[in-house]
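Following: one structure in structure tokens, then a few remarks.
The values are calculated or read from the model by the stated rules, or taken from the named source; none is laboratory data. In this text, all values refer to a predicted model and were calculated from it rather than measured experimentally. A quick note on method: Cβ atoms are made from the backbone with ideal geometry, for glycine too, and the neighbour counts reach across all protein chains shown.
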Amino acid sequence: MASVALHGNADDQKKSRDSGAPVNGASAGADGFALGHRAALAATLSLLLLTLLAAGLLFFLFRPQAAVELPFEDNRAEETMSIPVTPFDPADFPLQLHAGIKLLPPFEAVSSTRLAGNGRPAIDLAYVEGLTRDAVCRVAQGRRLPCGLMGRAWLQNFLHGLEVYCEPRFIAGERPDYQCFAGGEDLARRQVRAGFARPSGYGFELYAAALQEAMTAEAGAWNGGWRVDP
């Protein structure tokens, strides 16, 4: 009877192998492998979730902060300054305003830098000093020239048939000097270039080139180095 039972068990095992049905040991191994795989997958998902949570926390902590605009209070309006104010008194300013003038023929050259026209009082050319009416200049070889008369004639002859327009240059005093123009020329510059006037004050800047030209050419009174007997 024992022999038959053993043979039966062997047959059963052979059938089981032939039919492909798992024996008890193989089934247990497969179940263990599947359980381990699920555990590893769960651990991976948990780690990924923790990583995402950590990244979100870091972004929240270190995200760029929007600029906060603080209220600005301008208190300058509340500050008061004490500035002394002195009433305007025209007497403190001796300058007088004068309009430009037009001179018409007949002209009279009173000196090399003084001019009268159409019955008006004589005016002085601004920024220059000239020769007096009867000035005499000592020139080379001890000669003497009537440079005052020559300066008047140079100015008078140039103005023939022209109109003269003069702008006042405000100088302290009752009467201003004038910068006068005729025939497209500044009369003071023309007299300096001819050697019958010298710059003064601001004229040294205005008429520097004309002065250099006259001195180089020894024109007019510069023929004797501007040695003038009034």
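Selection over segment 139-161 of residues that are crowded, with 16+ Cβ neighbours inside 10 Å and over 17 Å from Ser112 (Cα atoms) gives a count of 1. Kindly evaluate Pro199 against the criterion of being over 21 Å from Asp134 (Cβ atoms) and in contact with a Pro (Cβ under 7 Å, 6 or more places away or on another chain). No: the conditions fail for Pro199. Of the residues in segment 193-205, not one is in contact with a Lys or Arg (Cβ under 7 Å, 6 or more places away or on another chain), at negative phi and not in a loop (DSSP other than H, G, I, E, B).
Per-residue answers, yes or no, for (1) free of Cβ contacts under 8 Å to residues at least 60 places away in the same chain; (2) under 46 Å from the mean Cα position of the chain (by Cα); (3) within 28 Å of Ala99 (Cβ to Cβ):
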residue: Gln141; (1), (2), (3): yes, no, no
residue: His160; (1), (2), (3): yes, no, yes
residue: Pro168; (1), (2), (3): no, yes, yes
residue: Ala188; (1), (2), (3): no, yes, yes
residue: Tyr207; (1), (2), (3): no, yes, yes
residue: Glu213; (1), (2), (3): yes, yes, no
residue: Asn223; (1), (2), (3): no, no, no
residue: Pro230; (1), (2), (3): no, no, no
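Scanning segment 188-222 for residues that are more than 21 Å from Ile123 (Cβ to Cβ) and buried (at least 19 other Cβ atoms within 10 Å of the Cβ) yields Gly195, Leu211, Ala214, Gly220, Ala221, Trp222.
Only a single item in (1) at pLDDT below 85; (2) assigned to a loop (DSSP other than H, G, I, E, B); (3) surrounded by 11 or more Cβ atoms within 10 Å (Cβ to Cβ) is not met by Met81, and it is number (3). Hey, can you tell me all the residues within segment 112-133 that are more than 47 Å from the chain's Cα centre (by Cα) and either surrounded by 18 or more Cβ atoms within 10 Å (Cβ to Cβ) or touching a residue at least 24 places away in the same chain (Cβ under 8 Å) (or both)? Within segment 112-133, Thr132 is the sole residue that qualifies. Is it the case that segment 179-198 has a residue that's in contact with a strand residue (DSSP E or B) (Cβ under 6 Å, 6 or more places away or on another chain) and modelled with pLDDT under 95? No, segment 179-198 contains no residue that is in contact with a strand residue (DSSP E or B) (Cβ under 6 Å, 6 or more places away or on another chain) and modelled with pLDDT under 95.
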